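Below is one structure; the comments refer to it alone.
The values are calculated or read from the model by the stated rules, or taken from the named source; none is laboratory data. Note that the structure is predicted; figures quoted are calculated from it, not measured. Neighbour counts run over all protein chains shown; Cβ positions are idealised from the backbone, glycine included.
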Amino acid sequence: MAGEKLQLSPGSIARELYVLDPDRDERAPQLCAEALLTLVANNYRAPATSEELASPKRKAYAVRSLALGKNFLGGMTRGRAGDDTMTPEAYGAKLAAGQDVRESANLALAKATLEGLIDPDTQRGQEGAWLLRPFHESLLWYDARKASPRRADFSVRKVYMRGSGITLARLLLAPVDPADAANGAAAVQAIQQALTAPSPLGRISERLEDALRADGEYRAAQPVEQDEKRAWDQGSDPALQQLASRLCRHAEGVMAQGGASGPARLWQLRTVMALDLADHALRAAWRRTAAPAADQYLLLSFGGQARAQDPVRQLSEQSYRLARIRLAEATVQTLAARMAALKADREVVWDIHFEPRSGLGDRGSGSVASQLRQLPPDAPHAEFDRLARAVVEQANYSRAQDGFRVLIQSVGLLGGASRYQYLTGSPDLLAAMVGALSARMPMSSREFFAACRDEWGFVINQESAAGTSLAGQVDGASLERNARRAERLLSEAGLAVGLSDRTTVVGERAARSQA
């Protein structure tokens, strides 16, 4: 291990701690799109080895030009698009403007429809990273960007897709534990059916792309990169077994539910994938820091009153802060342990194990690398812990905390201003949670709250707070008012029906057909 470089870099520490670690730039839309693109590119089957993996990098430049109003075929002046007079660049310009081409009609209407499918969570940065909501496999594409702002041509390359979606696709297609294979296979089959269902927009997309079928360079399969192979291979890591089990079960629940359309189920899948990855990171941090069982929860607040008069809201803020502290502490402990392991090798060269731009590996007498060199081989762990904390303070090791925040924010789990952020549940998030539990639907609201505690560690009512450190911090009446507000939100979103003042039934529409 000592011979390998960058053993103390933020990425290396995060991979040891989480195996699959959330990237601070990868939100729910990118995570889901990359996973779905991996399934589509590999015909919804697991390749025998990573060497046979097909890359998820899909251009779809024609349809995205129409949908996003940006010419992604710019700079392509050679070749022809459908006839002998139109270049791909001119074709893309017409599509971006919504103008009809050749014998087409009403492309402006199709453009307006596709614009309505743009995922608002992706509308930041250059248009190459904008995505549509998951709807049909022909409307999926990978990130694209320009090599420089002055260039007209785009290329498919990493912007916000970082490989985590490839690993999640592997967990569905070939989960770590064979016992989860049935759920994974059922989920993938249902995903394929939803993504390939007949659709007018799907047919339009296919026809637009067919105009470029003679362009061999455009049609050429994208080469598989080494990090894509690594992302696929890491899906076999035993440390991901619990994540794989939850993901397969929840994805199968979402995709097998009754009463929801294919696009609605795919939208819920987008949420569940990100939620389960965030849950995986937090559970890993809890294990690494030996968090007491009483502290392993997230309090969701459904407040309707001023913050100062809402004790559940305030404790929810504290719950979120403590979660981020656990993630930070897990990083420190993993870094300290890695330093101690490297110190056991007397020939270790400390300078090469930090990222060069961090300055931590400098040879100056006060640098961290210098202090590590001066430590005796039998130095107490407290010394490594001290240096690990100094490293975290001097360089950016907040990858896990930031990735966790970005994921839960992108699924509607985080509310409030930056100073007073708290945990809550948007209607979309609650719908995904109900869908994930469809095999057990319908159920009473109390059963639903208990299931949310078991599956994701969420505390909503007094009963689900039992056994946690919330006892003594908040009275039961406040938690029950919180539960009533959650029930009201479920009912307003069409996810529950109030049968009486005391009974609310959740998930009748999500329940599976008995036929």
Have a look at 471, 466, 510, 477 and point out the one that is among the aliphatic types (A, V, I, L, M) and closer than 19 Å to residue 265 by Cα.
510
Any residue in the range 39-54 that's on the phi > 0 side of the Ramachandran plot: show its pairings with residues that are at pLDDT 95 or above at Cβ separation under 7 Å, as long as the two are six or more apart or on different chains.
44/188; 44/192
Only one of 513, 500, 438 is modelled with pLDDT under 95, more than 21 Å from the chain's Cα centre (by Cα) and closer than 20 Å to residue 257 by Cβ, namely 513
The condition from (1) under 25 Å from residue 487 (Cβ atoms); (2) assigned to a helix (DSSP H, G or I); (3) modelled with pLDDT under 95 that residue 276 misses is numbered (3)
Inspect all residues belonging to the range 371-383 and state whether any of them is in contact with a Leu (Cβ under 9 Å, 6 or more places away or on another chain), without any contact (Cβ under 8 Å) to a residue 24 or more places away in the chain and under 30 Å from residue 492 (Cα atoms).
no
Could you tell me whether residue 88 is over 22 Å from residue 266 (Cβ atoms) and surrounded by 23 or more Cβ atoms within 10 Å (Cβ to Cβ)?
yes
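Quick test for you: out of 326, 338, pick the one residue that is surrounded by 15 or more Cβ atoms within 10 Å (Cβ to Cβ), within 30 Å of residue 476 (Cβ to Cβ) and touching a Ser or Thr at 6+ places or on another chain (Cβ under 9 Å). Outline the logic, then answer.
On the way: 338 fails: within 30 Å of residue 476 (Cβ to Cβ).
That would be 326, the only listed residue that is surrounded by 15 or more Cβ atoms within 10 Å (Cβ to Cβ), within 30 Å of residue 476 (Cβ to Cβ) and touching a Ser or Thr at 6+ places or on another chain (Cβ under 9 Å).
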Taking the condition of being touching a Pro at 6+ places or on another chain (Cβ under 9 Å), under 13 Å from residue 20 (Cα atoms) and of a type outside the set (A, V, I, L, M, F, W, C), how many residues in the range 269-287 meet it?
1
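Residues that are more than 21 Å from residue 127 (Cα to Cα): list the helices (runs of 4 or more DSSP H) wholly contained in the range 1-107 that include at least 2 such residues. Give the derivation first.
On the way: elements: 10-18, 28-41, 61-68, 88-97.
Passing ranges, in order: 10-18, 28-41.
For the subset of the range 266-294 comprising residues that are basic (Lys, Arg) and surrounded by fewer than 24 Cβ atoms within 10 Å (Cβ to Cβ), which member is nearest to residue 135 (Cα to Cα)? Talk me through it step by step, then tell me what you get.
Our first condition is that a residue be basic (Lys, Arg); within the range 266-294, this holds for 270, 283, 287-288.
Filter once more, so that each one left must be surrounded by fewer than 24 Cβ atoms within 10 Å (Cβ to Cβ): 283, 287-288.
Numbers: 283: 31, 287: 37, 288: 39 Å.
Going through the qualifying residues, I end up with 283.
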Looking at the structure I just gave you, is residue 82 in contact (Cβ under 8 Å) with a residue 24 or more places away in the chain and in contact with a strand residue (DSSP E or B) (Cβ under 6 Å, 6 or more places away or on another chain)?
no
